Each structure stands twice: as C-alpha cells, then as structure tokens.
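Only the coordinates and a few stated rules stand behind these numbers; no lab work does. Quick caveat, the model's predicted, so the values are computed rather than measured. Here the Cβ positions follow ideal geometry from the backbone for every residue, glycine too, while neighbour counts run over all protein chains shown.
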Amino acid sequence: MEEGLWRRALAAAAAAASGDRIAAAWAAVRARAVAPALEAAVWLCLAMSVMLVLEVCYMSIVSFVAVKLLRRVPERRYKWEPMPMLPGSGKGEEDEEAAAGGGGAYPTVLVQIPMYNEREVYKLSIGAACALTWPPDRIIIQVLDDSTDPFIRELVELECKDWASKNINIKYEIRESRKGYKAGALRKGMEHSYAQECDFSQFLVHNLKIALVRTRWEFVNYDVCLMTRIQKMSLDYHFKVEQESGSSVHAFFGFNGTAGVWRVSAISEAGGWKDRTTVEDMDLAVRASLKGWQFLYVGDIRVKSELPSTLKAYRHQQHRWTCGATSLFRKMAPGIVRSKGVSVWKKFHLLYSFFFVRRVIAPILTFLFYCIVIPLSVMVPEVSIPIWGMFYIPTSITIMNAIRNPWSIHLVPIWILFENVMSMHRMRAALTGLLETMYVDEWVVTEKVGDHVKDKLEVPLLTPLKPTECVER
C-alpha cells in the first residue's frame, strides 16, 4: 500500500513538473512571439482608430457648423426658382397663367424603375412614379423589367398597360439577359432616344455645373423590429452627417441609387452606367465628380424607403454595399491619381476620406480591434492597450452618432452590440472586394415586403410637399 502511495506521489510530482514546463514554454513563446505580434496589431489598430475618429469629428463639425450655424442650405448656396404651379392646383390665377398652354415651362423628366421579380412592390413603385405632380406630356416613366418569373413579368406589364390607358407616358422595357444586373438595365434604358431628352430639377436648370440633386431617405418600416430601428440610426447618421458634409464642402458624396435626380448629359460624359462592381451608383458618382460635376444634397425633402426587415436580407445588402465599395476603390484608385484637371485636395478627399477611411478602415477596424485584438490582450499580460484607444475613441464615435439620433439614444447599447455582430460580415465583404475573390460580384436583390408594410402606415406613401418639390421612390 505504501508502494502505491509513493507511485501516485511520484506521478503527481511528474505531472506538476510537466505542467510547469508547459507553462514556462508558453510564457517564453508568448513573450518572444505572441506579444510582439499582438503589440504590433494593437498599435496598427490604434493608428486606424485615430484616423477614423478624426474623420468622424471632421464630418460632424462640418455638418453642424456649415448647416446649423452658418445656414449653408442649398437655397442660399445655389440659384434656383420655384416652378410655376400646375393648372388646377388651387394656388392662384397668376400661377395658373404661368403654366398655361400645358407644361412648356417644365423640363422633361425620365423616371427609371429597374425591377427584378419585385412582386411585393411593383405596384407601389409604379404607382408612386405615375402619381408625381408633373405635366403628363413632360414626364416619362420607364419600367426596366429584368424579372425571370414569367408570371411576375406579366403582372408588371399589365400594370404598365393599365397606367398607359390612363394617359400616363409609361414605357415597359425588357432585355434578353440580365447582364450587368441593375447597372445593365439602367444603361440599356438610357440607350432609348427619348431618354436623352430628359433633365430636371430647379437646381439643375439654373446651375449648369450640378450633375446630381439627391434627397434624404425616410423609412416606412423603421418600427417593424429592433433591427430596423438600429438600421435607421446608422442611415440617418449617413445622410445627416456624411452626405451633408460632403455636399457642403466638396460638392460630392456617394450616390445610393435612388431618391436623386441626375443630369443626363453628366451621365453620358462620365461614361454611363457600368456593371464592373455591385455599387454602380457610387461608381457613376465618382466618375462624374472626376469630370468636374458637382453634387447637391437637399435634406429637407424626404423620400419613402423600405429597410430590410430580416437578418438574411440585411446581410446580403451589407455584403453588396461593403464589397462593392472596396472593389471600386481597387479599380479606381490609379485612375483618380492620374486624373487631370482635378485638384490635389479633391484627390486626397476621394482616396483617403471617402474610400480608405470610410470604406476600408471602418469595417476592418471594428472586427479586428474590438472582437479579436482586445479579447486576446486579456490573455497576454505583456501587452497593454492605452485607455484612450480602448475607451475614449469608441465612446467619442458613439456619442457623435447618438447626438444626431436623439430619439434613439436609449438603443445605443444594443446598436453597439449589433454593429459588432455585423462587423465580421462587413470585414469579410471588404476583404472580398479588395482582393476580388470568389464572391466579389455576388448580387442578391434585397427582399421587400411592400404591401404588408403599407397596410400599417399612418402616413401616405407619398408625403404631400410643396408644388415645387418632386418625390421619386
């Protein structure tokens, strides 16, 4: 029995010695290999954090000072005149006389509606466009139907015929293939002769350097679930800060594909719609800006839009936006550097601020720093992270986002958690675009619910505005 006790004691001592040797070996490896690599990652992330917080501060200050304090609103910065009232609007005889003889005083407008199996929203989209307050002989509704479902295609065609029977100038256009997806459909639509005769906006008429006038999104289903409320916080910041500051200082911002009016000549000069990435709208905006065209954001006009209400739809949308932006950066960076007639300041803004910091660093930093580096540093005592990088910088970014969404400030903790959950997906998408791997051209149409949302609305789809304003869905 004593011999058995001795054996167990010796085994325990050997195990303890072995454990000590393993711990000592890990400590040596950790000190010589893991800690230096993690230290380098920490300082890399801190550098990216500083770049991001400076960009966020700059945009927030510009949007607040320029618009709120200095009142650099579009009406004060650019020449414009209200369009005459349409006959029968009840606004006065003088206005009716100004518009007498039809819509001669009104430019011709082309409204393009690209569709792909949009069974839930095709009636809403077509109906909203056909309900615009504009002389019937001065507006063309162009439905670009890429639907692969024969039944849905027939429904869309019948809807167009129904509106055509009501004296609406609506064109139903189809293609033999879906080559280029949305960009291909838009490019094909612009090839028609009637499309080249269109241009509109009070600002476009009186300011020949403006190529794009865009408005702000207002979400009809933001209160459907917690995820849509969080999306609204992020997108409201995007419009109120990023787009407003870009319009005020650089006369440039990324186009989101809807709620905007383009000058046809600017589209043609920039090379038209291209399908080389999944962000054909941003692609066109950057190319037009390099040609010297200016953009104008009018935040007072709000256009109804629908948010993805399922995680699957939201993930697909975020992949398309993030991957497409970094892929466009890779394709356009050399061209931006070589562009002639473009100021160094504008090139710097496009390459550094618009693309590198906002489209590359932001999605990579969120996951790399907060989900990998900081948790690993807890297990490596040789590495310490400064309090200013781990607490002050993210807190500052969060506060600057929250103050532009005061009614959603109670959701900020959940917004932080959700953004960290999505950060892995966004980083993967960003790297996919930069490296142009297998899924770089993946295009999944965002699912919509359409009529299911409309039944719950307390306000109509088209909010009544001044007769000088136009709503495009």
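Per-structure values
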{"item": "Ascending count of other beta-carbon atoms within 10 Å, so fewest first, for 78, 122, 194", "result": "194, 78, 122"}
{"item": "Residues whose placed amide H lies under 5 Å from that of residue 303, excluding near-sequence neighbours", "result": "216, 217, 218"}
{"item": "Most to least packed among 51-59, 281-289, 422-430 [average Cβ atoms within 10 Å]", "result": "281-289, 422-430, 51-59"}
{"item": "Inverse mean reciprocal Cα-Cα distance (Kirkwood Rh) of the range 254-338, Å", "result": "14.4 Å"}
{"item": "Label point distance in nm, residue 343-residue 33, each placed 7 Å from Cα along Cα→Cβ", "result": "5.2 nm"}
{"item": "Full-stretch length increase - residue 21, residue 177 - with 0.36 nm per residue and alpha-carbon distance subtracted", "result": "49.5 nm"}
{"item": "Cleavage-rule hits (chymotrypsin sites (Phe, Trp or Tyr not before Pro)) in the range 357-456: DSSP loop, at most 14 neighbouring Cβ within 10 angstrom", "result": "439"}
{"item": "Additional length obtainable on full extension of the chain from residue 398 to residue 330, 0.36 nm per residue less Cα span", "result": "21.6 nm"}
{"item": "Sorted by Cβ density within 10 Å, fewest first, the residues 233, 227, 390, 438", "result": "438, 227, 390, 233"}
{"item": "Simple spin-label estimate for residue 117 and residue 300 in nanometres, 7 Å along Cα-Cβ", "result": "4.3 nm"}
{"item": "The range 122-265 shape via C-alpha gyration tensor axes, a/c threshold 1.5", "result": "oblate"}
{"item": "Given 123/182; 182/209; 68/347; 79/448, the pairs whose alpha carbons are separated by over 29 Å", "result": "79/448"}
{"item": "J(HN,Hα) series, the range 151-168, from Karplus relation 6.51 cos²θ - 1.76 cosθ + 1.60, nearest Hz, glycine and proline x", "result": "5, 5, 4, 5, 4, 5, 5, 5, 5, 5, 5, 4, 5, 5, 5, 9, 6, 9"}
{"item": "Note, ³J(HN,Hα) from phi for the range 296-307, Karplus 6.51, -1.76, 1.60, rounded to Hz, x at Gly and Pro", "result": "10, 9, 10, x, 6, 9, 10, 10, 5, 9, 10, 8"}
{"item": "Residues 336, 387, sorted so that the one with the fewest Cβ neighbours within 10 Å comes first", "result": "387, 336"}
{"item": "For peptides 301-308, 169-176, 217-224, sequence by mean Cβ density within 10 Å, most packed first", "result": "301-308, 217-224, 169-176"}
{"item": "FRET efficiency, 1/(1 + (r/R0)^6) with R0 60 Å, evaluated for residue 437 and residue 162 via beta carbons", "result": "0.85"}
